[in-house]
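This report concerns only the one structure given below.
The values are calculated or read from the model by the stated rules, or taken from the named source; none is laboratory data. Note that the structure is a prediction, hence the values are computed from the model and not measured. Virtual Cβ from ideal backbone geometry, glycine too; neighbours counted across all protein chains shown. Quick note on the areas: whole protein, heavy atoms, side chains included, nothing else; ligands and nucleic acids left out. Shrake-Rupley method; radii C 1.70, N 1.55, O 1.52, S 1.80 Å.
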Amino acid sequence: MPSFRYLTTTGMTTLALAVSLIMPVHSETVEAPETPHTASETQEKRNVILIIGDGMDDQQITMARNYLKGATGNLLLDDLPLRSTSQVLTVDNDAPDTAVYVADSANSATSMATGMITSRGRIGTSAGDDRDLTTIAELAKAAGYSTGIVTTSSVTDATPSSFIAHVAFRMCESPLQTVPREEETYRFDTRLCTVDSLAKGGQGSIAQQIAGGNHDIILGGGLAHFVYQAENSEDSVLQLAQSSGYQVVQNSGDLASLDPQRKVLGLFADKNLPVRLQGENGRQAEKPEPSLLRKIDWRVGSVELPAPMNCEANPAYGDTPSLQAMTESALEHLAAQDSKGFFLMIESASIDKQSHYRNPCGSIGELEQLNESLATALAFAEKQPNTLILVTADHGQAAQIIPDGSMFSDYGLAVYTPGHVARIRTLENQIMSVNYATNDFMIEEHTGTSVPLFSNREGIGRVPAKVTQPEIFTIMKDYLLAD
(Lines give C-alpha, C1' and ligand atoms only; values in the text may rest on other atoms or scores of the structure.)
Protein backbone atom coordinates (compact mmCIF):
# COMPACT_ATOMS: atom_id res chain seq x y z
CA MET A 1 0.00 0.00 0.00
CA PRO A 2 1.56 3.39 -0.97
CA SER A 3 2.77 5.54 1.88
CA PHE A 4 0.47 8.50 1.08
CA ARG A 5 -2.30 6.52 2.66
CA TYR A 6 -0.96 7.18 6.10
CA LEU A 7 -0.18 10.89 5.86
CA THR A 8 -3.35 12.00 7.66
CA THR A 9 -4.44 8.80 9.31
CA THR A 10 -3.58 7.39 12.71
CA GLY A 11 -1.43 4.71 14.28
CA MET A 12 -1.08 2.39 17.24
CA THR A 13 1.22 0.20 19.16
CA THR A 14 0.24 -3.31 19.86
CA LEU A 15 -0.25 -3.07 23.55
CA ALA A 16 -3.24 -4.42 25.27
CA LEU A 17 -3.43 -3.02 28.76
CA ALA A 18 -5.21 -4.53 31.69
CA VAL A 19 -6.32 -3.21 34.99
CA SER A 20 -8.20 -3.81 38.02
CA LEU A 21 -9.65 -4.95 41.14
CA ILE A 22 -13.04 -6.21 42.04
CA MET A 23 -15.74 -5.04 44.37
CA PRO A 24 -19.41 -4.60 43.50
CA VAL A 25 -21.69 -1.97 44.97
CA HIS A 26 -24.57 0.18 43.71
CA SER A 27 -25.38 3.66 42.33
CA GLU A 28 -27.28 6.98 42.53
CA THR A 29 -30.89 8.24 42.06
CA VAL A 30 -33.66 9.52 39.68
CA GLU A 31 -36.54 7.90 37.75
CA ALA A 32 -35.32 4.85 35.87
CA PRO A 33 -36.83 3.38 32.71
CA GLU A 34 -39.15 0.51 33.44
CA THR A 35 -37.87 -2.95 32.56
CA PRO A 36 -39.85 -6.15 32.08
CA HIS A 37 -37.28 -8.24 33.95
CA THR A 38 -37.81 -9.56 37.46
CA ALA A 39 -35.50 -8.62 40.33
CA SER A 40 -33.73 -11.98 40.22
CA GLU A 41 -33.12 -11.64 36.49
CA THR A 42 -31.72 -8.11 36.80
CA GLN A 43 -29.32 -9.18 39.56
CA GLU A 44 -27.76 -11.68 37.17
CA LYS A 45 -27.30 -9.18 34.37
CA ARG A 46 -24.22 -6.97 34.07
CA ASN A 47 -24.21 -3.69 32.20
CA VAL A 48 -21.61 -1.11 31.23
CA ILE A 49 -22.61 2.46 30.36
CA LEU A 50 -19.73 4.52 28.96
CA ILE A 51 -20.57 8.24 28.70
CA ILE A 52 -18.15 10.33 26.65
CA GLY A 53 -18.16 14.11 26.61
CA ASP A 54 -16.26 14.86 23.44
CA GLY A 55 -13.58 17.42 24.34
CA MET A 56 -14.85 17.54 27.95
CA ASP A 57 -11.73 18.48 29.89
CA ASP A 58 -11.73 20.31 33.22
CA GLN A 59 -11.94 23.73 31.57
CA GLN A 60 -15.18 22.72 29.83
CA ILE A 61 -16.61 21.24 33.04
CA THR A 62 -15.72 24.36 35.02
CA MET A 63 -17.28 26.63 32.38
CA ALA A 64 -20.52 24.66 32.57
CA ARG A 65 -20.50 24.55 36.37
CA ASN A 66 -19.94 28.31 36.64
CA TYR A 67 -22.73 29.06 34.18
CA LEU A 68 -25.30 26.44 35.21
CA LYS A 69 -24.74 26.16 38.98
CA GLY A 70 -22.45 28.98 40.06
CA ALA A 71 -18.86 28.78 41.27
CA THR A 72 -19.84 27.06 44.53
CA GLY A 73 -22.44 24.77 42.96
CA ASN A 74 -22.13 21.17 41.81
CA LEU A 75 -22.91 19.39 38.60
CA LEU A 76 -24.12 15.81 38.91
CA LEU A 77 -20.68 14.82 37.64
CA ASP A 78 -19.15 16.40 40.75
CA ASP A 79 -21.24 14.19 43.03
CA LEU A 80 -20.08 10.89 41.57
CA PRO A 81 -18.22 8.87 44.23
CA LEU A 82 -15.10 8.18 42.16
CA ARG A 83 -12.90 10.49 40.16
CA SER A 84 -9.79 9.40 38.30
CA THR A 85 -7.55 10.79 35.55
CA SER A 86 -7.24 9.32 32.07
CA GLN A 87 -4.07 9.87 30.06
CA VAL A 88 -4.68 10.23 26.35
CA LEU A 89 -2.19 8.26 24.23
CA THR A 90 -1.49 8.66 20.52
CA VAL A 91 1.22 7.40 18.17
CA ASP A 92 2.57 8.36 14.77
CA ASN A 93 1.15 6.26 11.96
CA ASP A 94 4.43 5.83 10.12
CA ALA A 95 6.41 5.20 13.32
CA PRO A 96 4.01 3.47 15.73
CA ASP A 97 6.56 3.43 18.53
CA THR A 98 6.71 7.25 18.48
CA ALA A 99 4.42 9.21 20.78
CA VAL A 100 2.25 12.07 19.52
CA TYR A 101 1.01 14.38 22.27
CA VAL A 102 -2.33 15.61 20.93
CA ALA A 103 -5.11 13.22 19.88
CA ASP A 104 -8.21 13.40 17.76
CA SER A 105 -11.54 11.75 18.53
CA ALA A 106 -10.88 8.82 16.21
CA ASN A 107 -7.70 7.51 17.80
CA SER A 108 -8.73 8.32 21.38
CA ALA A 109 -12.14 6.65 21.03
CA THR A 110 -10.44 3.68 19.38
CA SER A 111 -8.14 3.39 22.42
CA MET A 112 -11.13 3.16 24.74
CA ALA A 113 -13.03 0.87 22.38
CA THR A 114 -10.19 -1.61 21.70
CA GLY A 115 -7.51 -1.27 24.37
CA MET A 116 -4.93 -0.36 21.72
CA ILE A 117 -3.09 2.89 21.02
CA THR A 118 -3.45 4.10 17.45
CA SER A 119 -2.82 7.18 15.32
CA ARG A 120 -5.02 10.14 14.55
CA GLY A 121 -7.86 9.57 12.11
CA ARG A 122 -8.10 5.81 12.54
CA ILE A 123 -11.41 4.12 13.33
CA GLY A 124 -11.00 0.71 14.97
CA THR A 125 -7.76 0.04 13.10
CA SER A 126 -4.09 -0.14 14.00
CA ALA A 127 -1.34 2.30 13.08
CA GLY A 128 1.13 1.29 10.42
CA ASP A 129 -0.21 -2.15 9.49
CA ASP A 130 -3.92 -1.20 9.31
CA ARG A 131 -5.35 -4.20 11.13
CA ASP A 132 -8.97 -4.27 12.24
CA LEU A 133 -9.14 -4.21 16.05
CA THR A 134 -11.90 -5.95 17.98
CA THR A 135 -14.00 -3.47 19.96
CA ILE A 136 -15.68 -3.79 23.35
CA ALA A 137 -19.08 -3.65 21.61
CA GLU A 138 -18.11 -6.54 19.32
CA LEU A 139 -16.72 -8.58 22.22
CA ALA A 140 -19.86 -7.95 24.26
CA LYS A 141 -22.14 -8.91 21.38
CA ALA A 142 -20.25 -12.14 20.75
CA ALA A 143 -20.49 -13.02 24.45
CA GLY A 144 -24.29 -12.68 24.56
CA TYR A 145 -24.74 -9.06 25.57
CA SER A 146 -26.87 -6.43 23.86
CA THR A 147 -25.13 -3.35 22.50
CA GLY A 148 -26.07 0.24 21.78
CA ILE A 149 -24.71 3.61 20.67
CA VAL A 150 -26.27 7.01 21.43
CA THR A 151 -24.72 10.24 20.16
CA THR A 152 -25.56 13.84 19.34
CA SER A 153 -23.24 13.64 16.32
CA SER A 154 -23.70 11.70 13.13
CA VAL A 155 -23.60 8.01 14.03
CA THR A 156 -20.81 7.77 11.45
CA ASP A 157 -18.67 10.33 13.29
CA ALA A 158 -15.35 9.42 14.85
CA THR A 159 -16.35 8.61 18.44
CA PRO A 160 -19.44 6.42 17.86
CA SER A 161 -18.02 4.66 14.81
CA SER A 162 -14.84 3.68 16.68
CA PHE A 163 -16.95 1.22 18.69
CA ILE A 164 -18.80 -0.35 15.73
CA ALA A 165 -16.73 0.09 12.54
CA HIS A 166 -13.23 -0.31 11.07
CA VAL A 167 -11.71 2.08 8.51
CA ALA A 168 -8.28 3.59 7.99
CA PHE A 169 -9.58 7.16 7.88
CA ARG A 170 -12.45 8.74 9.78
CA MET A 171 -13.87 10.64 6.78
CA CYS A 172 -14.88 7.39 5.02
CA GLU A 173 -18.45 7.79 6.22
CA SER A 174 -20.51 6.77 3.17
CA PRO A 175 -20.07 4.91 -0.13
CA LEU A 176 -19.53 8.33 -1.67
CA GLN A 177 -16.02 8.21 -0.17
CA THR A 178 -15.17 4.51 -0.58
CA VAL A 179 -16.40 4.54 -4.19
CA PRO A 180 -15.71 8.17 -5.18
CA ARG A 181 -17.47 9.83 -8.09
CA GLU A 182 -15.75 11.99 -10.68
CA GLU A 183 -18.39 14.71 -10.45
CA GLU A 184 -17.86 15.17 -6.69
CA THR A 185 -15.33 17.45 -5.01
CA TYR A 186 -13.56 15.97 -2.00
CA ARG A 187 -11.67 17.67 0.83
CA PHE A 188 -9.10 14.87 1.03
CA ASP A 189 -7.43 12.21 -1.07
CA THR A 190 -10.18 9.61 -1.50
CA ARG A 191 -7.56 6.87 -1.88
CA LEU A 192 -7.54 6.99 1.92
CA CYS A 193 -11.06 5.50 1.74
CA THR A 194 -10.99 3.30 -1.33
CA VAL A 195 -8.64 0.93 0.53
CA ASP A 196 -11.63 0.03 2.73
CA SER A 197 -14.06 -0.51 -0.14
CA LEU A 198 -15.63 -3.93 -0.57
CA ALA A 199 -13.91 -4.17 -3.94
CA LYS A 200 -10.52 -3.91 -2.21
CA GLY A 201 -11.42 -6.49 0.44
CA GLY A 202 -12.43 -3.97 3.10
CA GLN A 203 -15.67 -3.75 5.04
CA GLY A 204 -16.98 -0.71 3.18
CA SER A 205 -17.87 2.73 4.46
CA ILE A 206 -18.80 3.40 8.07
CA ALA A 207 -22.48 3.84 7.18
CA GLN A 208 -22.54 0.56 5.27
CA GLN A 209 -20.86 -1.28 8.15
CA ILE A 210 -23.49 0.10 10.52
CA ALA A 211 -26.32 -0.86 8.16
CA GLY A 212 -25.07 -4.44 7.92
CA GLY A 213 -24.21 -4.74 11.61
CA ASN A 214 -25.99 -6.49 14.45
CA HIS A 215 -26.01 -3.90 17.24
CA ASP A 216 -29.33 -3.54 19.01
CA ILE A 217 -29.86 0.22 19.00
CA ILE A 218 -28.00 3.12 17.36
CA LEU A 219 -29.35 6.67 17.80
CA GLY A 220 -28.01 10.00 16.56
CA GLY A 221 -27.69 12.01 13.37
CA GLY A 222 -26.14 11.25 10.00
CA LEU A 223 -29.08 10.47 7.70
CA ALA A 224 -27.23 12.13 4.80
CA HIS A 225 -24.61 9.37 4.84
CA PHE A 226 -27.25 6.65 4.41
CA VAL A 227 -29.02 7.96 1.30
CA TYR A 228 -26.33 6.90 -1.19
CA GLN A 229 -26.40 3.65 -3.10
CA ALA A 230 -24.72 0.93 -1.08
CA GLU A 231 -21.59 -0.64 -2.49
CA ASN A 232 -22.33 -3.88 -4.39
CA SER A 233 -26.07 -3.23 -4.18
CA GLU A 234 -28.95 -1.59 -6.04
CA ASP A 235 -30.33 -0.32 -2.72
CA SER A 236 -29.40 2.72 -0.68
CA VAL A 237 -27.51 2.22 2.57
CA LEU A 238 -30.74 3.03 4.43
CA GLN A 239 -32.61 0.33 2.53
CA LEU A 240 -29.76 -2.06 3.29
CA ALA A 241 -30.21 -1.29 7.00
CA GLN A 242 -33.92 -2.06 6.74
CA SER A 243 -33.21 -5.28 4.87
CA SER A 244 -30.82 -6.37 7.61
CA GLY A 245 -33.59 -5.98 10.21
CA TYR A 246 -33.28 -2.41 11.45
CA GLN A 247 -36.37 -0.46 12.41
CA VAL A 248 -35.44 2.99 11.07
CA VAL A 249 -36.83 6.00 12.96
CA GLN A 250 -36.38 9.63 12.00
CA ASN A 251 -38.30 11.78 14.48
CA SER A 252 -38.38 12.13 18.24
CA GLY A 253 -41.99 10.89 18.47
CA ASP A 254 -40.90 7.49 17.18
CA LEU A 255 -38.71 6.97 20.26
CA ALA A 256 -41.82 6.23 22.31
CA SER A 257 -42.87 3.28 20.15
CA LEU A 258 -39.76 1.24 19.42
CA ASP A 259 -40.29 -2.44 18.69
CA PRO A 260 -38.27 -4.34 21.33
CA GLN A 261 -38.07 -7.33 18.98
CA ARG A 262 -36.16 -5.42 16.29
CA LYS A 263 -32.85 -3.63 16.00
CA VAL A 264 -33.23 0.17 15.93
CA LEU A 265 -31.43 2.77 13.81
CA GLY A 266 -32.51 6.30 14.70
CA LEU A 267 -31.31 9.12 12.42
CA PHE A 268 -32.69 12.48 13.58
CA ALA A 269 -30.72 14.93 11.42
CA ASP A 270 -28.83 14.90 8.15
CA LYS A 271 -25.54 15.39 9.98
CA ASN A 272 -24.95 16.32 13.63
CA LEU A 273 -27.90 17.11 15.87
CA PRO A 274 -28.48 20.84 16.52
CA VAL A 275 -27.17 22.10 19.86
CA ARG A 276 -29.37 23.38 22.68
CA LEU A 277 -27.75 26.77 23.39
CA GLN A 278 -26.02 29.47 21.38
CA GLY A 279 -24.45 32.83 22.04
CA GLU A 280 -26.71 35.87 22.06
CA ASN A 281 -27.89 36.52 18.47
CA GLY A 282 -25.56 33.76 17.34
CA ARG A 283 -22.42 35.48 18.64
CA GLN A 284 -19.25 33.53 19.30
CA ALA A 285 -15.85 34.53 20.69
CA GLU A 286 -14.39 37.67 19.15
CA LYS A 287 -10.99 39.34 19.09
CA PRO A 288 -10.15 42.20 21.44
CA GLU A 289 -9.59 45.52 19.61
CA PRO A 290 -6.44 47.43 20.58
CA SER A 291 -6.33 51.17 19.99
CA LEU A 292 -4.04 52.63 17.34
CA LEU A 293 -1.59 53.76 20.01
CA ARG A 294 -1.49 50.25 21.49
CA LYS A 295 -0.68 48.84 18.06
CA ILE A 296 2.24 51.25 17.82
CA ASP A 297 3.63 50.78 21.34
CA TRP A 298 2.58 48.09 23.84
CA ARG A 299 3.27 50.46 26.76
CA VAL A 300 0.55 52.94 25.83
CA GLY A 301 -2.98 53.01 24.49
CA SER A 302 -5.96 50.88 25.39
CA VAL A 303 -7.85 47.77 24.35
CA GLU A 304 -11.59 47.21 23.90
CA LEU A 305 -12.84 43.76 24.89
CA PRO A 306 -15.86 42.14 23.20
CA ALA A 307 -19.17 43.13 24.79
CA PRO A 308 -20.62 40.68 27.34
CA MET A 309 -23.35 38.37 26.12
CA ASN A 310 -26.00 35.96 27.35
CA CYS A 311 -26.50 32.38 26.29
CA GLU A 312 -29.87 31.73 24.66
CA ALA A 313 -31.91 28.88 23.21
CA ASN A 314 -30.82 27.80 19.74
CA PRO A 315 -33.86 28.22 17.44
CA ALA A 316 -32.56 25.41 15.22
CA TYR A 317 -32.88 22.92 18.10
CA GLY A 318 -36.63 22.62 17.60
CA ASP A 319 -37.97 19.12 18.31
CA THR A 320 -34.55 17.50 18.25
CA PRO A 321 -34.57 14.56 20.68
CA SER A 322 -32.46 15.37 23.70
CA LEU A 323 -29.51 13.21 24.68
CA GLN A 324 -31.49 12.28 27.79
CA ALA A 325 -34.52 11.17 25.76
CA MET A 326 -32.34 9.04 23.49
CA THR A 327 -30.60 7.58 26.55
CA GLU A 328 -33.93 6.66 28.13
CA SER A 329 -35.09 4.94 24.93
CA ALA A 330 -31.82 3.07 24.54
CA LEU A 331 -31.86 1.82 28.14
CA GLU A 332 -35.48 0.66 27.84
CA HIS A 333 -34.71 -1.12 24.58
CA LEU A 334 -31.53 -2.80 25.84
CA ALA A 335 -33.17 -3.85 29.13
CA ALA A 336 -35.94 -5.54 27.15
CA GLN A 337 -33.54 -7.82 25.28
CA ASP A 338 -33.05 -11.46 26.22
CA SER A 339 -29.33 -11.14 26.91
CA LYS A 340 -26.71 -11.29 29.65
CA GLY A 341 -26.83 -7.50 29.98
CA PHE A 342 -25.55 -4.75 27.72
CA PHE A 343 -22.83 -2.34 26.67
CA LEU A 344 -24.00 1.20 25.87
CA MET A 345 -21.83 4.12 24.72
CA ILE A 346 -23.41 7.58 25.07
CA GLU A 347 -21.71 10.64 23.58
CA SER A 348 -22.38 14.33 23.95
CA ALA A 349 -20.45 15.24 20.83
CA SER A 350 -20.78 18.99 20.45
CA ILE A 351 -18.95 20.05 23.59
CA ASP A 352 -16.05 19.56 21.20
CA LYS A 353 -17.68 20.72 17.98
CA GLN A 354 -18.85 24.02 19.46
CA SER A 355 -15.41 24.63 20.95
CA HIS A 356 -13.84 24.19 17.51
CA TYR A 357 -15.96 27.16 16.40
CA ARG A 358 -15.37 29.20 19.58
CA ASN A 359 -18.97 28.92 20.80
CA PRO A 360 -18.80 28.49 24.59
CA CYS A 361 -22.58 28.70 25.05
CA GLY A 362 -22.98 25.75 22.68
CA SER A 363 -20.43 23.72 24.61
CA ILE A 364 -22.10 24.56 27.94
CA GLY A 365 -25.51 23.44 26.67
CA GLU A 366 -24.10 20.14 25.47
CA LEU A 367 -22.35 19.50 28.78
CA GLU A 368 -25.73 20.14 30.41
CA GLN A 369 -27.17 17.47 28.11
CA LEU A 370 -24.50 15.03 29.26
CA ASN A 371 -25.33 15.81 32.89
CA GLU A 372 -29.02 15.04 32.25
CA SER A 373 -28.16 11.80 30.48
CA LEU A 374 -25.97 10.82 33.42
CA ALA A 375 -28.97 11.33 35.74
CA THR A 376 -30.95 8.83 33.68
CA ALA A 377 -28.08 6.33 33.69
CA LEU A 378 -27.70 6.61 37.47
CA ALA A 379 -31.43 6.09 37.96
CA PHE A 380 -31.24 2.96 35.84
CA ALA A 381 -28.30 1.70 37.90
CA GLU A 382 -30.35 2.10 41.08
CA LYS A 383 -32.77 -0.53 39.76
CA GLN A 384 -30.10 -2.71 38.14
CA PRO A 385 -27.19 -2.53 40.60
CA ASN A 386 -24.73 -4.55 38.48
CA THR A 387 -24.29 -1.53 36.23
CA LEU A 388 -20.88 0.12 35.85
CA ILE A 389 -21.09 3.74 34.72
CA LEU A 390 -17.96 5.47 33.44
CA VAL A 391 -17.92 9.12 32.38
CA THR A 392 -14.92 10.56 30.58
CA ALA A 393 -13.68 12.59 27.60
CA ASP A 394 -11.79 11.53 24.52
CA HIS A 395 -9.34 14.47 24.58
CA GLY A 396 -8.87 18.06 25.68
CA GLN A 397 -10.19 21.02 23.71
CA ALA A 398 -9.57 24.70 23.15
CA ALA A 399 -11.14 27.00 25.79
CA GLN A 400 -9.62 28.62 28.86
CA ILE A 401 -11.31 30.62 31.56
CA ILE A 402 -9.21 33.78 31.83
CA PRO A 403 -9.44 36.98 33.91
CA ASP A 404 -12.14 39.37 32.69
CA GLY A 405 -9.59 42.04 31.97
CA SER A 406 -5.91 41.38 32.46
CA MET A 407 -4.34 41.78 35.89
CA PHE A 408 -1.78 44.02 34.19
CA SER A 409 -4.48 46.65 33.62
CA ASP A 410 -3.96 47.63 37.28
CA TYR A 411 -0.53 48.88 36.18
CA GLY A 412 -1.89 50.86 33.24
CA LEU A 413 -0.88 48.29 30.64
CA ALA A 414 -3.30 47.27 27.89
CA VAL A 415 -2.41 43.58 27.95
CA TYR A 416 -4.83 41.27 26.12
CA THR A 417 -5.04 37.79 24.66
CA PRO A 418 -3.94 37.21 21.06
CA GLY A 419 -6.87 34.80 20.75
CA HIS A 420 -10.66 35.13 20.63
CA VAL A 421 -12.72 35.90 23.75
CA ALA A 422 -16.35 35.38 24.71
CA ARG A 423 -17.54 37.24 27.83
CA ILE A 424 -20.60 35.43 29.19
CA ARG A 425 -23.00 36.69 31.86
CA THR A 426 -23.55 34.01 34.49
CA LEU A 427 -26.38 33.46 36.99
CA GLU A 428 -24.15 35.06 39.64
CA ASN A 429 -24.32 38.36 37.71
CA GLN A 430 -20.63 38.06 36.88
CA ILE A 431 -18.74 37.92 33.62
CA MET A 432 -16.94 34.68 32.72
CA SER A 433 -14.31 35.27 30.04
CA VAL A 434 -13.54 32.25 27.84
CA ASN A 435 -10.47 32.41 25.63
CA TYR A 436 -9.67 30.43 22.46
CA ALA A 437 -6.09 30.67 21.25
CA THR A 438 -4.75 27.42 19.78
CA ASN A 439 -4.45 29.17 16.41
CA ASP A 440 -5.72 32.11 14.36
CA PHE A 441 -7.57 29.95 11.82
CA MET A 442 -11.34 29.48 11.51
CA ILE A 443 -11.28 26.25 13.57
CA GLU A 444 -9.65 25.79 16.97
CA GLU A 445 -7.64 22.65 17.76
CA HIS A 446 -7.51 19.98 20.46
CA THR A 447 -5.09 20.13 23.37
CA GLY A 448 -2.87 17.46 24.91
CA THR A 449 -4.11 17.43 28.51
CA SER A 450 -5.21 14.37 30.44
CA VAL A 451 -8.97 14.16 30.95
CA PRO A 452 -11.16 13.25 33.93
CA LEU A 453 -12.68 9.80 34.42
CA PHE A 454 -15.66 9.48 36.77
CA SER A 455 -17.56 6.41 37.94
CA ASN A 456 -20.51 5.40 40.05
CA ARG A 457 -19.91 3.24 43.15
CA GLU A 458 -19.54 0.17 40.97
CA GLY A 459 -16.19 1.57 39.85
CA ILE A 460 -14.73 1.69 43.35
CA GLY A 461 -11.96 -0.89 43.52
CA ARG A 462 -11.99 -1.28 39.75
CA VAL A 463 -10.87 2.15 38.58
CA PRO A 464 -7.46 3.28 39.90
CA ALA A 465 -6.49 6.90 40.55
CA LYS A 466 -4.87 7.24 37.14
CA VAL A 467 -5.41 5.21 33.97
CA THR A 468 -4.45 5.35 30.33
CA GLN A 469 -7.28 5.30 27.81
CA PRO A 470 -6.59 1.71 26.70
CA GLU A 471 -7.07 0.64 30.32
CA ILE A 472 -10.65 1.89 30.17
CA PHE A 473 -11.29 -0.88 27.64
CA THR A 474 -9.81 -3.42 30.03
CA ILE A 475 -11.92 -2.18 32.94
CA MET A 476 -15.09 -2.57 30.84
CA LYS A 477 -14.05 -5.93 29.41
CA ASP A 478 -13.19 -7.34 32.83
CA TYR A 479 -16.49 -6.15 34.26
CA LEU A 480 -18.58 -7.75 31.53
CA LEU A 481 -16.57 -10.77 30.52
CA ALA A 482 -14.56 -11.88 33.56
CA ASP A 483 -15.62 -15.32 34.86
*Write out the GluC sites (Glu not before Pro) in segment 195-297 meeting two conditions: DSSP loop, and at most 12 other Cβ atoms within 10 Å of their Cβ.*
234
*In segment 238-341, what is the volume of the convex hull around the alpha carbon atoms, normalised per residue and reported in Å³?*
182 Å³
*Taking a ≥ b ≥ c as the square roots of the eigenvalues of the Cα gyration tensor of segment 213-269, is the shape rounded (a/c under 1.5), prolate (a/b larger than b/c) or oblate?*
oblate
*Under a cut-off of 12 Å between alpha-carbon atoms, report the aspartates and glutamates in cross-link reach of residue 271, not counting same-chain residues fewer than 8 places apart.*
157, 173
_Share, in percent, of DSSP beta bridges within the chain that are antiparallel, nearest 5_ = 45 percent
*Taking only the alpha-carbon positions of segment 369-483 and ignoring solvent, what does the Debye formula give for the base-10 log of I(q)/I(0) at q = 0.19, 0.22, 0.23 Å⁻¹?*
-1.07, -1.22, -1.27
*Give the long-range amide H neighbours of residue 247: residues separated by 5 or more places, or on another chain, with amide H under 5 Å away, using H modelled in the peptide plane at 1.01 Å from N.*
263, 264, 265
*Size of the dipole of segment 366-439 about the Cα centre, Lys and Arg at +1 and Asp and Glu at -1 on the beta carbon, nothing else charged, in debye to 20?*
60 debye
*Expressed in nm to one decimal, what extension gain is obtained for the pair residue 199 and residue 409 from 0.36 nm per residue of sequence separation less their Cα-Cα distance?*
69.2 nm
*Would you mind checking which residues have amide H under 5 Å from residue 303's amide H? H placed 1.01 Å from N; only 5 or more apart, or other chain.*
291
*Between 427, 98, 277, whose Cα lies farthest towards the positive end of the dipole of the chain when Lys and Arg beta carbons carry +1 and Asp and Glu beta carbons carry -1, centred on the Cα centre?*
98
*Consider a paramagnetic label point 7 Å from the Cα of residue 481 along Cα→Cβ; state which residues of segment 306-347 have an amide N under 17 Å from it.*
340-345
*At a probe radius of 1.4 Å, what is the per-residue accessible area of residue 200, in Å² to the nearest 10?*
140 Å²
*Amide H neighbours of residue 47 under 5 Å, counting only residues 5+ apart in sequence or on other chains, H built in-plane at 1.01 Å?*
342, 387, 388
*Classify segment 59-129 as rounded, prolate or oblate, taking a ≥ b ≥ c as the square roots of the eigenvalues of its Cα gyration tensor: rounded when a/c is under 1.5, otherwise prolate if a/b is larger than b/c and oblate if not.*
prolate
*Exposed loop chymotrypsin sites (Phe, Trp or Tyr not before Pro) only (DSSP loop, at most 13 other Cβ atoms within 10 Å): please give the longest stretch of the chain free of them, not including the sites.*
299-440
*Under the rule of -39500 (n - 2.57) per DSSP H run of 4 or more residues, summed and divided by the residues of the chain, what mean residue ellipticity at 222 nm is obtained, to the nearest 500 deg cm²/dmol?*
-7000 deg cm²/dmol
*Residue-wise, which Karplus ³J(HN,Hα) couplings in Hz belong to segment 215-221, taking 6.51 cos²θ - 1.76 cosθ + 1.60, θ = phi - 60°, and x for glycine or proline?*
6, 6, 8, 9, 10, x, x
*Positive dipole terminus of the chain, leading residue within 342, 87, 190 (C-beta point charges)*: 87
_How would segment 118-246 be classified by its alpha-carbon gyration tensor: rounded, prolate or oblate, with rounded meaning a/c under 1.5 and the a/b versus b/c comparison settling the rest?_
oblate
_Between residue 183 and residue 466, what is the label-point separation in nm under the 7 Å Cα-to-beta-carbon projection?_
5.7 nm
*Convex hull volume per residue for segment 49-198, taking Cα atoms only, in Å³*: 155 Å³
*Determine ³J(HN,Hα), in whole Hz, for all residues of segment 172-183 in sequence, where each value follows from phi through the Karplus function 6.51 cos²θ - 1.76 cosθ + 1.60 and θ = phi - 60°; x replaces Gly and Pro.*
7, 7, 9, x, 4, 8, 6, 10, x, 10, 4, 7
*asked:* With every atom except the alpha carbons ignored, what do you get for Rg and Dmax of segment 404-455, in angstroms?
replied: 14.9, 47
*Rounded to whole Å and sorted largest first, what semi-axes of the equivalent ellipsoid does the C-alpha gyration tensor of the chain yield via the square root of 5 times each eigenvalue?*
36, 27, 22
*Total charge dipole magnitude, the chain, about the Cα centre, Cβ charges on Lys, Arg, Asp, Glu only, Debye to nearest 20*: 620 debye
